[in-house]
Amino acid sequence: MARSSVIVIGAGVAGLSSALEIAERGIGVEIVERGRALGEGSCSWMAGGMLAPWCERATTEPEVAAWGASSIGWWAERFPETVLKGSLVVAQSRDAPELARFAARTERFEWVDGDRIAALEPDLAGRYRRALFFPDEAHLDPRRALAALAGQLQARGVAIRFGVELAPQDAQAEVVVDCRGLAARDALTDLRGVRGEMIVVRSPDVSLQRPVRMLHPRLPLYIVPRGNGLFMIGATMIESERRGPVSVRSAVELLNAAYALHPAFGEAEIVELGADLRPAFPDNLPQLRQSGRVLHANGLFRHGFLLAPTLAQRAADTVSSLLSSETNHADLHQRRRA
Ligand SMILES: Cc1cc2nc3c(=O)[nH]c(=O)nc-3n(C[C@H](O)[C@H](O)[C@H](O)COP(=O)(O)OP(=O)(O)OC[C@H]3O[C@@H](n4cnc5c(N)ncnc54)[C@H](O)[C@@H]3O)c2cc1C
């Protein structure tokens, strides 16, 4: 492989967004991906695609909202199909106290009554008396978003070499950005996998404009509309590194949630059941770690699409300064020899 300035390993959301940020700074970059096609073997393929910093604020560290807020503009600029219609949070009447608890832990929402819920989501008319509406949140179809990033990279002349497995230490480049997700555990020993399961259904009888979260004391779930009658129902969060298909228990719970949101989901077709392991550090926040000429960008946990833009910008800034210090070093070396 010819030596290029920067090699990014991994074409998940971390790798593609980092490569794009690097290319946008005018730096030569290429990507290697061991999967034979976009999404193959990538956790990013399983994501729901919610860009929901303030909903996440209710259950995660404040950094998630702080770093995630700017990602909505980042995606809207690079992926015009990003849907800017906010998100809705509901609870069954027996779980109503969950709604107040959720509201107390976050911001940037409005309490909405039954009429407003019906105006926002006509298919939910009469089903809930109160809900939380987060008008500034967004969502996207992760698979189409990844393809859009890949298209922009290719348009900038950035090669994505599929079917190539590479270890960071073997990469012939001045700087290596390691975006291997959970596969980077050989170098990042505190990285763990958190199992997530999801189901995609097709229901021409239900129409939703925006993601709907259903609060539940034990298993909060969400439904994200993907267009053309498709909905992603997600996601379990299990402290387990078991790979393999969705369990019956999880499938029942995910499908029950959809059915509880709207009985018409009872007639929906199951299109896909999927599971993967989210790469997470102990504090569940992403990190950029440097080890010589290798930068590890990892730990996106359940916030891959939400936090990848911030992580990518930080990675690209570090790449820039590493390359310019190398250039300065080489210039100095040449001047000394002259
Ligand atoms: C069910 C589910 C729902 C989720 N929902 C959301 C959501 O709604 N919003 C959100 O923001 N996030 C969500 N996430 C989290 C998100 O998917 C992850 O945080 C994100 O995908 C991690 O991205 P990554 O690029 O680090 O890893 P990955 O997507 O796994 O990418 C790593 C890539 O590196 C490649 N690779 C590995 N080793 C090598 C090697 N040696 N050489 C070459 N290539 C290699 C792999 O093939 C892979 O393509 C969800 C996750 C799951 C499982």
Confirm whether Glu239 is within 14 Å of the ligand (Cβ to nearest atom), more than 20 Å from Leu132 (Cβ to Cβ) and open to solvent by 20 Å² or more (accessible area, probe 1.4 Å).
-> yes
Subset of the range 6-44 [among the acidic types (Asp, Glu), within 11 Å of the ligand (Cβ to nearest atom) and surrounded by fewer than 18 Cβ atoms within 10 Å (Cβ to Cβ)] = Glu40
Among what's in the range 201-227 and is part of a loop (DSSP other than H, G, I, E, B) and within 16 Å of the ligand (Cβ to nearest atom), pick the residue that is farthest from Asp136 (Cα to Cα).
-> Leu219
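For every residue, the table says whether it meets (1) closer than 11 Å to Val200 by Cα; (2) open to solvent by 20 Å² or more (accessible area, probe 1.4 Å); (3) among the acidic types (Asp, Glu); (4) under 21 Å from the mean Cα position of the chain (by Cα).
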{"residue": "Tyr222", "(1), (2), (3), (4)": "no, yes, no, yes"}
{"residue": "Gly234", "(1), (2), (3), (4)": "yes, no, no, yes"}
{"residue": "Val248", "(1), (2), (3), (4)": "no, yes, no, no"}
{"residue": "Leu261", "(1), (2), (3), (4)": "no, no, no, no"}
{"residue": "Glu272", "(1), (2), (3), (4)": "yes, yes, yes, yes"}
{"residue": "Ala280", "(1), (2), (3), (4)": "no, no, no, yes"}
Of the conditions (1) out of contact with any helix residue (DSSP H, G or I) (no Cβ under 6 Å at 6 or more places or on another chain); (2) over 27 Å from Ala37 (Cβ atoms), Leu215 clears all except one; give me its number.
-> (1)
Working only within the range 170-200, note down all residues that are near the ligand (Cβ under 9 Å from one of its atoms) and not in a helix (DSSP H, G or I).
-> Asp178, Cys179, Arg180, Val194, Arg195, Gly196, Glu197, Met198
Quick one: what pairs do we get from the range 38-51, first residue farther than 16 Å from Val200 by Cα, second more than 6 Å from the ligand (Cβ to nearest atom) and part of a loop (DSSP other than H, G, I, E, B), C-beta under 8 Å, 6+ apart or different chains?
-> Leu51/Thr82; Leu51/Glu137; Leu51/Leu140
Strands (runs of 3 or more DSSP E) wholly inside the range 28-123 that include at least 2 residues being within 30 Å of Leu149 (Cβ to Cβ) | 29-33, 87-91
Just for the range 252-263: of the residues that are in contact (Cβ under 8 Å) with a residue 40 or more places away in the chain and more than 13 Å from the ligand (Cβ to nearest atom), which one is farthest from Asp141 (Cα to Cα)?
-> Ala260
Output for the range 133-152, where each listed residue is aliphatic (A, V, I, L, M) and within 14 Å of the ligand (Cβ to nearest atom) = Ala138, Leu140, Ala145, Leu146, Ala147, Leu149, Ala150
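The values are calculated or read from the model by the stated rules, or taken from the named source; none is laboratory data. Every value quoted in this text rests on a predicted model; they were computed, and no experiment measured them. A quick note on method: Cβ atoms are made from the backbone with ideal geometry, for glycine too, and the neighbour counts reach across all protein chains shown. When the accessible area is computed, the model is the full protein with side chains, heavy atoms only, and any ligands, DNA or RNA have been set aside. Shrake-Rupley method; radii C 1.70, N 1.55, O 1.52, S 1.80 Å.
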